[in-house]
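Participant: Quick one: this structure, given as structure tokens, is what I'll be asking you about.
What follows is calculated from the coordinates using simple rules that are stated; it is not laboratory data. What you see is a predicted model, and the numbers here were worked out from it, not measured in a lab. We place every Cβ from the backbone using ideal geometry, glycine too, and count neighbours over all the protein chains shown.
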Amino acid sequence: MPELEEVLPALAAEMADRDDRGEVASYIPQLSIIDPKRFGIAVALTDGRVITAGDADESFSIQSISKIFTLTLALGKVGDGLWRRVGREPSGNPFNSIVQLEREHGIPRNPFINAGAIVVTDVLLADHQPREAIGEILRFVQFLADDESIVVDRDVAASEKATGFRNFALANYMRAFGNLHHAPELALGVYFHHCAIAMNCRQLALSGRFLAHGGRLSQDGHSVVSNERARRILALMLTCGHYDGSGDFAFRVGIPGKSGVGGGILGIVPGIASIAVWSPGLNENGNSKLGSIALEKLARTMNWSIFAP
Ligand code: DON
């Protein structure tokens, strides 16, 4: 197997030379000011090693990648009852589609599109003040990454709150169908804050390690979720983690992944590695352009695929 200590720096150098970097998200003003030239990658192996290259120690907004952590927490709270309020099918539509939600009577297709993630956040708000729910999510991520320095970027949260009209529309629409149990501004307050968690590639790769370890923090470490639940979260990442680009990501990369409009992607090679990549420019589906290309190249070089024998 090629050595990651050589593969990752070569990949970062190749990505630094590319001009076709996609467009930085502009609908959240605070994200539009990020330098599109950034590229970082970190691989946390199940043998305990972490190998990084490029801007792997620079923090970025994890955005929708946070939906993996909120889904994990919500399943811990209400178990399979969650599936009465959210579906498990790929959306085939943009992550903020209103038309689809109307057609499906306020039940979001899956927990990773915005509407689904807002319902998941609503579950986490039960018996909590918004501040407590945000604290619970942040502490969970800190615990997974074993890093208490991880914080919420309050400027990003405020920027999204000021401009999140579509998300308010989705939340109000679900409230009309009885599928949101708290006031839209409360559920969205928590949602905007967990999307605004800032992490670097190293921290993000570490926070995803439990999914590479079948639900455990390390080979024989603390069990975060059961093996079965870890597998199911990975199945949802594969089928829904890149919205209407999920099929293409599975085809090209061949591992479960979850993207965010901050330009991050968390990819999991079960039993082998948790990979975080970051490049702020997005493709037409709102997924990191160079991040997807880099993961495709890395998976091919390392022969990593969930479909490999
Ligand atoms: O709600 C939003 O639009 C953002 N906070 C998150 C969207 C996102 O990351 C979609 N990812 N590709």
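Participant: Please arrange H194, H222 by how many other C-beta atoms lie within 10 Å of their C-beta, fewest to most.
Facilitator: Working: H194 28, H222 10.
Listed from fewest to most nearby Cβ atoms, that is H222, H194.
Participant: Still on this model: Using modelled backbone amide H atoms (1.01 Å from N, in-plane), which distant-in-sequence or interchain residues come within less than 5 Å of F60's amide H?
Facilitator: Placed amide hydrogens put M199, N200 under 5 Å from F60.
Participant: By a straight-distance test (C-alpha under 16 Å), which lysines pair with K289 as possible cross-link partners, with residues fewer than eight away in the same chain excluded?
Facilitator: K37, K258, K297
Participant: For the stretch 282-293, just list the computed ³J(HN,Hα) in residue order, Karplus coefficients 6.51, -1.76 and 1.60, θ = phi - 60°, integers in Hz, with x standing in for Gly and Pro.
Facilitator: Taking θ as phi minus 60°, the curve returns 10, 8, 5, 8, x, 10, 3, 5, 6, x, 5, 5 Hz for the stretch 282-293.
Participant: Could you list M1, M302 in order of exposure, starting from the residue whose Cβ has the fewest other Cβ atoms within 10 Å?
Facilitator: With the fewest neighbours first, M1, M302 line up as M1, M302.
Participant: Pick out, from A176, S59, F192, the residue whose Cα sits farthest towards the positive end of the charge dipole of the chain, with +1 on the Cβ of Lys and Arg and -1 on the Cβ of Asp and Glu.
Facilitator: A176
Participant: Could you work out the per residue convex hull volume over the alpha carbons of the chain, in cubic angstrom?
Facilitator: Measuring per residue, one finds 115 Å³ for the Cα hull of the chain.
Participant: Something else about it: Straight-line reach from K67: which aspartates and glutamates fall under 15 Å, measuring Cα to Cα and dropping same-chain residues less than 8 apart?
Facilitator: K67 reaches D122, E136.
Participant: I've got another one for you. Placing +1 at every Lys and Arg Cβ and -1 at every Asp and Glu Cβ, with all other atoms neutral, what dipole size does the chain have around its Cα centre, in debye to the nearest 20?
Facilitator: 820 debye
Participant: What residues qualify as long-range amide H neighbours of L282, i.e. H under 5 Å apart, gap of 5 or more or another chain, H built at 1.01 Å from N?
Facilitator: E23, V24, A25, K289
Participant: In what order do T163, T72 fall by count of nearby beta-carbon atoms within 10 Å, going from fewest to most?
Facilitator: Numbers: T163 13, T72 21.
If I rank by nearby Cβ atoms, fewest first, I get T163, T72.
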